[in-house]
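Undergrad: My questions will all concern the structure given below.
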Amino acid sequence: MDIVTTVPGTREREDEHPLERIVGTIVGQTKDRFQPLLTLGPGAGSPAHSLVADRYRVTRVLRGDPAVLLIDDTWTSGGNSQAAALALRAAGAAKIAIVVIGRHFDRSFRDCESYYQQAKARKFTWDTCCLELATKDDDG
């Protein structure tokens with residue numbers, strides 16, 4: 001990846017976001033490529049956990065069709081990461097990969113308790129996507 005950036009928090013802060021500090025100054029694999037590219041946009045006040053295209057804005061145009069690694073601290077619905085990716089794409093990012101450090105799992109949402117129990121019982125493997133279980137179950 002040419003550039004590494006983070007998904008901003010959903011509220012204004014007086015200080016630097018901890019994820020930005022970690023990715024931008026501590027982690028050796030990311031700190032040299034880190035650029036704080038995103039800020040809250042006009043849609044920042046929209047309901048949480050929904051995909052809002054203007055939730056974020058990019059601080060500058062990205063030239064040269066860069067590949068961007070987008071790091072988020074928590075994945076609940078994917079709306080924030082996807083909104084950040086939309087802003088990066090509109091600013092000129094050619095490729096965007098999203099890496100999420102944490103996952104919030106609401107076991108009371110829809111049929112998530114069943115998925116949670118099945119996923120918990122499965123042995124982890126790098127060869128299987130976490131969504132594969134749901135796909136196999138949905139498709140039979």
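FYI, it's all coordinate maths here, none of it is from the lab. None of these values were measured; they are calculated from a predicted model. Counting neighbours? That spans all protein chains shown, and the Cβs are built from the backbone with ideal geometry, glycine included.
Undergrad: For the chain, what does the alpha-carbon gyration tensor say about shape, rounded, prolate or oblate, given a ≥ b ≥ c as the root eigenvalues, a/c under 1.5 as rounded, and a/b over b/c as prolate?
TA: In terms of gyration-tensor shape, prolate.
Undergrad: Given a 10 angstrom Cα cut-off, can you work out which residue in 15, 73, 106 is the most mobile in a GNM of the chain?
TA: 15
Undergrad: Under a Cβ-only charge scheme (Lys and Arg +1, Asp and Glu -1), can you give me the dipole magnitude of the chain about the Cα centre, in debye to the nearest 20?
TA: 200
Undergrad: Could you check what % of the DSSP bridge pairs in the chain are antiparallel, to the nearest 5?
TA: For the chain, the DSSP antiparallel bridge percentage is about 20.
Undergrad: Expressed in nm to one decimal, what extension gain is obtained for the pair residue 14 and residue 109 from 0.36 nm per residue of sequence separation less their Cα-Cα distance?
TA: Result: 30.9 nm gained on full extension.
Undergrad: Got the relative contact order for segment 3-104 handy, in percent, Cα pairs under 8 Å and 6 or more residues apart?
TA: 28
Undergrad: Once label points are set 7 Å from the Cα along Cα→Cβ at both residue 119 and residue 95, what is their separation, rounded to one decimal in nm?
TA: The answer from the label model is 2.6 nm.
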